[in-house]
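First the structure, in the form of structure tokens, and then the observations on it.
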Amino acid sequence: MVTRRDFLSRTLAAGAGLALPLAPAMAQPAGAEAERNKSVVQAYKRAMAKRSTAALAEFMAPGYKRLRAGVQNIARNAEGQGFPSPGAAFWQDAFPDREDHVEEIIAEGDRVAMLWRITGTHRGNFYGIPATGKPVDFLEIGYFRMSGGKIAEGWFMADEAGLLRQLGQPLPKRKDGTLIAPPVTDAGEEGDAVLKRLTAAPAAGEAARNKIIVARSKSTQPPQPGDRAPNFKQKRFGLQHLHDYGDAHKVADQTPTSAFPGRNDHVVGLLAEGDRVWMRFFLRGKHEKGFYGLPPTGNRVEMPEVGIMRFAGGKWTEAFYFGDELGLMLQLGAPDMLLG
């Protein structure tokens, strides 16, 4: 299987931790504002190594808002039980040797998006999971809105399902026995609306044309001849762990497309820089058929997902998807399904 390192060309050397150099300039410079914003976000990530709230505060704009935490689902299911907030959880005893390794960063205007790996060893209580001594290596992604060279908003999503699988542990049970699932908000726009807006005027430049191709993949319009290169590769599935589970349990045909026959994804935003387009969207649908062995529940689901696309010569050549699998399984009432 092709790993994400084959796709992400700027992966830093293992063990580099948070001593991160600034990302190299793109072949097509994004402009002064975008480059400055990328530098600020990378400096913020370096400052996390100091484990100091004061060191991080200098990067935050007044009224900074964290719209979503990286381990949002695990933290929400642990609320009211004396555990630290999501932002502090990794800084204490749970993963004392945590290191972050930036793999990809992109910026457009006042927006920055970054993908990184978190490595470490589980040495202490993590939201009710006693120390296992196991090493972990999982993904997290962050979206940042910048204002005046400061971070005004942050949105984070970690691979919580992958983390629990690596620890070999189920989601810790709440004292009241309830499961806290992410709400279905119907946020974002239908793909047709996004595509209509992007095509309202002639596309100005490569980045605009690439955005249109990606938006078309979430619309009711069929792909156009030549949208994708003949050697197009999907490097990662948004539901990678469930995909692997389906293969192992011989239910690989019970995909989201078949399980949620009325699926209608909503697009939250598109960022483009150079040969890349990042798309944040919600996988949306109703669970009406078998889903990797899980019988239909009739539940509506809405899972945040990010796609990282690469283009060459105006053609879509690679795609890498990363979704909130634990949140989706919570909505279906089966948070521990992957441990079966």
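The values are calculated or read from the model by the stated rules, or taken from the named source; none is laboratory data. Only a predicted model underlies this, so the values are computations on that prediction, with no experimental measurement involved. Don't worry about glycine lacking a Cβ; one is built from the backbone with ideal geometry, like all the others, and counts go over all protein chains shown.
List the pairs whose first member sits in the stretch 124-140 and is under 12 Å from residue 164 (Cα atoms), whose second member is polar (S, T, N, Q) and assigned to a loop (DSSP other than H, G, I, E, B), and whose Cβ atoms are under 6 Å apart, counting only residues at least 6 apart or on separate chains?
129/169
From (1) without any contact (Cβ under 8 Å) to a residue 40 or more places away in the chain; (2) of a type outside the set (Gly, Ala, Ser); (3) surrounded by 12 or more Cβ atoms within 10 Å (Cβ to Cβ); (4) outside the structural domain of residue 228 (by TED's automatic domain parsing), pick out the condition that doesn't hold for residue 180.
(1)
With the requirement that a residue be out of contact with any strand residue (DSSP E or B) (no Cβ under 8 Å at 6 or more places or on another chain) and aliphatic (A, V, I, L, M), what does the stretch 243-295 give you?
Residues satisfying the conditions are 248, 251, 252, 294.
Answer yes or no as to whether residue 197 is touching a residue at least 40 places away in the same chain (Cβ under 8 Å), assigned by TED's automatic domain parsing to the domain that holds residue 313, part of a helix (DSSP H, G or I) and closer than 19 Å to residue 278 by Cβ.
On the way: touching a residue at least 40 places away in the same chain (Cβ under 8 Å): no; assigned by TED's automatic domain parsing to the domain that holds residue 313: yes; part of a helix (DSSP H, G or I): yes; closer than 19 Å to residue 278 by Cβ: yes.
It is false that residue 197 is touching a residue at least 40 places away in the same chain (Cβ under 8 Å), assigned by TED's automatic domain parsing to the domain that holds residue 313, part of a helix (DSSP H, G or I) and closer than 19 Å to residue 278 by Cβ.
Could you check the stretch 155-173 and list, in sequence order, the residues that are under 12 Å from the mean Cα position of the chain (by Cα) and either modelled with pLDDT under 95 or of a type in the set (Asp, Glu) (or both)?
Passing the criteria: 159, 160.
Looking at 173, 218, 150, 211, which one is over 30 Å from residue 134 (Cα atoms) and surrounded by fewer than 20 Cβ atoms within 10 Å (Cβ to Cβ)?
Criteria check complete, one pass: 150.
For the condition part of a loop (DSSP other than H, G, I, E, B) and under 18 Å from the mean Cα position of the chain (by Cα), what is the one hit in 289, 218, 250? Even if it seems obvious, please write down each step before you answer.
On the way: 289 fails: under 18 Å from the mean Cα position of the chain (by Cα); 250 fails: under 18 Å from the mean Cα position of the chain (by Cα).
It is 218.
Check every one of the helices (runs of 4 or more DSSP H) wholly within the stretch 1-75 and list those with 1 or more residues that are modelled with pLDDT of 50 or more.
The helices (runs of 4 or more DSSP H) meeting that bar are 32-47, 53-57.
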